[in-house]
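Below you'll find the structure, written out as structure tokens, and then a few comments.
The values are calculated or read from the model by the stated rules, or taken from the named source; none is laboratory data. The structure presented is a predicted model; accordingly, all values stated were derived computationally and were not measured. Here the Cβ positions follow ideal geometry from the backbone for every residue, glycine too, while neighbour counts run over all protein chains shown. Accessible surface areas use protein heavy atoms only, side chains included; no ligands, DNA or RNA. Shrake-Rupley method; radii C 1.70, N 1.55, O 1.52, S 1.80 Å.
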Amino acid sequence: MTTLPLHNPATGALIAHLPADDAASVAAKTAAARAAQPAWAALPMAQRKACIEKFRAGVVRELDALARVMTEETGKPIRMSRNELNGLLPRIDFFLAQVEASIARETVLTEGGMTEEIEHAPLGVVANISAWNYPWFVGCNVILPALLTGNAVLYKPSEYAARTGQAIARLLHEAGVPQAVMACLIGGGEVGQALLAQRVDGVFFTGSHATGLRIARAVGDRFIKLQLELGGKDPTYVCDDADPKAAAESLADGAMYNTGQSCCSVERIYVHEKIHDAFVAHFVETVRGYRMGDPLSEDTYIGAITRAPQLQVLQAQVDDALTQGGKLLLGGKAGPGPGNWFEPTVFSHVDHRMDLMREESFGPVIGIQKVSDDDEAVRLMNDTRYGLTAGVYTPDGERARRLLAQVHAGSVYWNCCDRVSPRLPWSGVGDSGVGLTLSTHGIATFTRPKAWHLRQP
Ligand code: NAD
């Protein structure tokens with residue numbers, strides 16, 4: 001039997017060899033999902049909701065153990081693992097509260113014996129190929145609304161968060177979702193590829209731009225729904241009227257939380273020249289206070305780098321920035337092994353010739369660039385092929401709205417960053433992807449509008 005080795009990125013120790021899927025088991029699970037989906041969709045909504053409510057109770061009941069599993073396999077600091085699980089609960093509540101209204105059948109005409117209705121029918125069997133960095137969030141953003149709206153789900157968690165993926169599936173099964181309706185596929189990219197070779201009605205992917213392109217090509221000859229939630233190079237501009245200390249503290253957290261491994265991490269900072277030096281001083285001081293160490297320790301803020309190859313990406317960005325005149329203020333190198341570690345790293349005197357300011361870092365590395373006015377800041381914020389989030393720090397709300405209106409991004413922030421809300425759509429523009437999750441739109445996205453033309457005899 002094929003197995004998937006799973007390592008603890010903080011220690012390098014082997015956690016487990018998990019039984020993995022192969023092309024045959026993926027085909028069998030797809031066939032079972034296809035057969036089971038109509039009965040699942042035919043259940044009253046209340047029954048599907050009851051399953052998700054029980055799932056929620058399971059998450060609450062096992063929260064500490066689930067957090068530990070996630071921390072062991074991803075290196076996420078334990079407090080942040082608990083935060084993710086606690087943050088999942090209001091998302092579940094949102095889905096439960098909004099699902100009926102999001103997909104309610106609409107009557108759009110009743111006239112002279114003619115009725116026109118829009119039904120929001122489930123897509124059918126959907127594939128969810130997922131990332132490891134927030135495995136509960138990105139998994140459940142797809143799985144829960146997909147199930148609630150009557151779909152069967154073939155879920156391939158990341159090979160770096162496979163035990164979390166198994167836990168999500170187990171808790172759903174224990175809550176009453178049939179095994180065939182919620183299948184978990186264990187393995188790496190090859191299992192993802194085997195899944196894409198199956199007949200599915202939608203593909204919902206969260207991961208890197210490079211893999212997103214491969215996925216788009218793999219399904220390119222089929223007319224099925226494709227959503228890609230990809231990376232970003234998320235900018236923030238700190239205006240001259242902002243409080244440099246408050247902004248620095250907020251943005252240091254936005255850049256370094258989850259060891260910088262968030263899709264909406266602050267990845268580039270532009271600061272008005274009037275407050276640049278004060279901002280940089282506060283920023284470095286804040287980051288210096290972050291403790292790097294055992295992810296299971298309660299006072300750890302900087303955990304391990306989940307994927308070992310990312311250490312080379314981070315080092316290459318640092319070396320490139322140094323070669324091109326960047327000023328290294330903190331960190332700058334991998335930490336000692338065993339395990340995958342990279343020091344929290346801060347640069348000033350950076351510009352857009354450097355990879356650090358153009359390519360996703362996905363780690364605790366940040367560049368701060370001085371700008372002379374709002375126009376320059378907007379031009380630089382938009383000088384990217386990505387467009388996930390962007391932010392502005394200023395006490396002036398009108399100024400913030402004017403600037404944010406000019407920025408190309410799926411989400412924009414005023415005086416905040418690295419934030420996701422269940423009530424708002426989560427989407428990217430450009431190379432950050434296509435489609436959306438969350439909000440009522442992110443529930444309806446698992447359905448297709450079916451047109452009913454009904455004439456009374
Ligand atoms: P990744 O692209 O390496 O892997 C994502 C998933 O794709 C994994 O499950 C992997 O096994 C699978 N996969 C790999 N190759 C495949 C192939 N050829 N066919 C099918 N499946 C394949 O990404 P990752 O390292 O897990 O996640 C990090 C990336 O995800 C970052 O770029 C981050 O910004 C992004 N991300 C985006 C969002 C968002 O909402 N926009 C959220 C979280 C993470």
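Structure summary
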| quantity | calculated |
| --- | --- |
| Search result, residues across the stretch 5-55 that are closer than 30 Å to Ser297 by Cβ and of a type in the set (A, V, I, L, M) | Leu6, Ala10, Ala13, Leu14, Ile15, Ala16, Leu18 |
| Enumeration of residues in the stretch 251-295 that are of a type outside the set (Gly, Ala, Ser), within 16 Å of the ligand (Cβ to nearest atom) and assigned to a helix (DSSP H, G or I) | Met256, Tyr257, Asn258, Thr259 |
| Some residue of the stretch 318-329 being surrounded by fewer than 23 Cβ atoms within 10 Å (Cβ to Cβ), hydroxyl-bearing (Ser, Thr, Tyr) and closer than 26 Å to Pro77 by Cα | no |
| Leading residue by the ranking (farthest from Ala194 (Cα to Cα)) among those in the stretch 1-45 that are β-branched (Val, Ile, Thr) and open to solvent by less than 30 Å² (accessible area, probe 1.4 Å) | Thr30 |
| Whichever residue in the stretch 207-236 is part of a loop (DSSP other than H, G, I, E, B), open to solvent by less than 10 Å² (accessible area, probe 1.4 Å) and not hydrophobic (A, V, I, L, M, F, W, C) and, among such residues, is nearest to the ligand (Cβ to nearest atom) | Gly231 |
| Segments classed as helices (runs of 4 or more DSSP H), wholly inside the stretch 1-94, with at least 1 members that are in contact (Cβ under 8 Å) with a residue 12 or more places away in the chain and either in contact with a Phe, Trp or Tyr (Cβ under 6 Å, 6 or more places away or on another chain) or of a type in the set (Asp, Glu) (or both) | 45-61, 63-74 |
| Yes/no for Ala281 being crowded, with 20+ Cβ neighbours inside 10 Å and without any contact (Cβ under 8 Å) to a residue 40 or more places away in the chain | no |
| Filtered residue count, the stretch 296-310, keeping only those that are under 11 Å from Asn340 (Cβ atoms), more than 19 Å from the chain's Cα centre (by Cα) and in a loop (DSSP other than H, G, I, E, B) | 1 |
| Filter pass, Cys239 being surrounded by 22 or more Cβ atoms within 10 Å (Cβ to Cβ), modelled with pLDDT of 95 or more and within 9 Å of the ligand (Cβ to nearest atom) | no |
